[in-house]
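Data block below; observations after.
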Amino acid sequence: MQAETVSSGEDSGDLKSEIKAYISHHLLDSYDFGLYSYTNDQGGHEYVGFPLPVILWDDGLKVFSSSKLHHDEGVAEVGGNLYRSYHGKIYNVTSTGGELKMDDHHHPENRVHLDFSITKNVFTIFLVSLLILFVFSRMAKSYKNSAMPKGVGRGLEPIIQYIRDDIAIPNIGIKKYKRYMPYLLTVFFFIWIINLLGLTPLGINVTNNIAVTLALALLTYLFTTFTANKNYWGHIFWMPGVPPLMRIVLAPIELLGTIIKPFSLMIRLYANITAGHIVLMSIIGLMFIFKNWLGSSLSFFLAFALSLLELLVAALQAYIFTMLSALYFGSAVEEHHDDH
């Protein structure tokens, strides 16, 4: 753990602008794992947290600690090159002052394109993946010696049975649900745990990163596509019971529908989690705007109630993603039924 002091610099404007900037920064990924910050007696910002490794490919491999970036307010000199982080991305700069060259659209130029850094989101994904692997490996081993799991496994077993009996079997079928159970269990617990971590003061926002929700939706799409039977593709490209001319018209629409389904998974998870974070942070910001016991107290209790609601949303979004994935798998392996 490290504590680092950064000069506060010029006045950042009025309080509302500061709150908006803080919310925007809270939603972004970062190159360090910040726990909290405060203003010291000299007016500088004191940051406490863990630096993470920055891995770049820029005229060769460049590996250095994110502490050299000084929380987007410093320049790191590595291998003769100068780097600066800005809005969650790293750019080449030409001077130690860190001035960025902007294009006509006011976007920074000279971005480092090959960035393999272990950011806060990547670190959290690795951590949750290892946690799931450890817990369920121990749970599986406990079944060899006893009919009942031990420890955490006892609390997880009813959830696993619910996913099997109320999600997988009804939507996929008793014959073929087992091949999809590992994925359904993994995606449910991964999304659920990630969402719960997003409600902690650690500032973890993995599922409000559209790249992460895209990867999850893409996995569902690939499982659906490569395990589908000929009946599934037959209904897409040559729908039975429809005149031949209409089949030609409907085929591209049905094919587009196979892409729209995982796209809706991606947007639904991303939008709900992002909206929840924005609303919650905005309500917390109202406590600093009102500056009186009545308004601040109301904002506090409203934020507390919304936090409890977000606990439900965290599980609900994991359930919806798992349920819809099971529906798509079920439609892909559904057996042909003769029309009477």
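Computed from the coordinates by the stated procedures, all read-outs in this text should not be read as laboratory data. Keep in mind it's a predicted model, so treat the numbers as computed, not measured. No Cβ is skipped: glycine too gets one built from the backbone with ideal geometry, and neighbour counts run over all protein chains shown.
Assorted remarks:
- Filter on 89/178; 120/176; 150/178; 89/141; 178/261; 176/261 - keep pairs with C-alpha separation over 31 Å: 89/178; 120/176; 89/141
- Rounded to the nearest 10 degrees, the inclination of helix 293-333 to the longest alpha-carbon principal axis of the chain is 40 degrees.
- Leading residue at positive end of dipole, the chain (Cβ point charges), from 158, 215, 148: 148
- Between helix 210-227 and the chain there is an angle of about 20 degrees, using the helix long axis and the longest principal axis of the Cα atoms.
- Choice from 57, 192, 293 showing the highest fluctuation, given a GNM over the chain with Cα pairs closer than 10 Å: 293
- Relative contact order (%) - segment 109-211, alpha-carbon pairs under 8 angstrom, separation at least six: 31
- Length-normalised contact order for segment 121-333 - Cα pairs under 8 Å, 6+ apart - percent: 30
- Cα Rg, Dmax, segment 121-333, angstrom units: 21.1, 71
- 3J(HN,Hα) couplings calculated from phi for segment 249-263 with the Karplus curve 6.51 cos²θ - 1.76 cosθ + 1.60 (θ = phi - 60°) are, in sequence order, 6, 7, 4, x, 5, 5, 5, 5, x, 5, 8, 5, 4, x, 4 Hz; Gly and Pro show x.
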